[in-house]
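> Quick one: the structure is below, and I'll ask about it shortly.
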Amino acid sequence: MQSLTRTYSGIRYIYDAPSAKYRLDFIDNIDGRAKTPTFSEKNYYFPIGQSRIAANPNLVENPGY
């Protein structure tokens with residue numbers, strides 16, 4: 001199975017006012033957003049649709065639709 005998300009590393013500059021110096025923090029697994037990206041279960045499937053479910057009562061709609 002192939003992963004559909006990718007992570008990056010980065011640097012954060014933090015200014016320390018009392019010493020008047022910058023500190024560098026190295027950060028792993030970032031993508032520029034506040035939280036880690038997720039790939040919801042819904043995205044693994046397509047919707048079946050009400051017409052197909054009506055035509056075959058054994059079908060159940062895929063998760064998330």
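> Those residues that are modelled with pLDDT of 70 or more and within 24 Å of PRO63 (Cα to Cα), I need them from the stretch 1-19; list them, please.
none
> Out of curiosity, is TYR22 aromatic (Phe, Trp, Tyr) and modelled with pLDDT of 90 or more?
For TYR22, the condition - aromatic (Phe, Trp, Tyr) and modelled with pLDDT of 90 or more - is met.
The values are calculated or read from the model by the stated rules, or taken from the named source; none is laboratory data. Everything numeric in this text was worked out from a predicted model, so none of it was measured.
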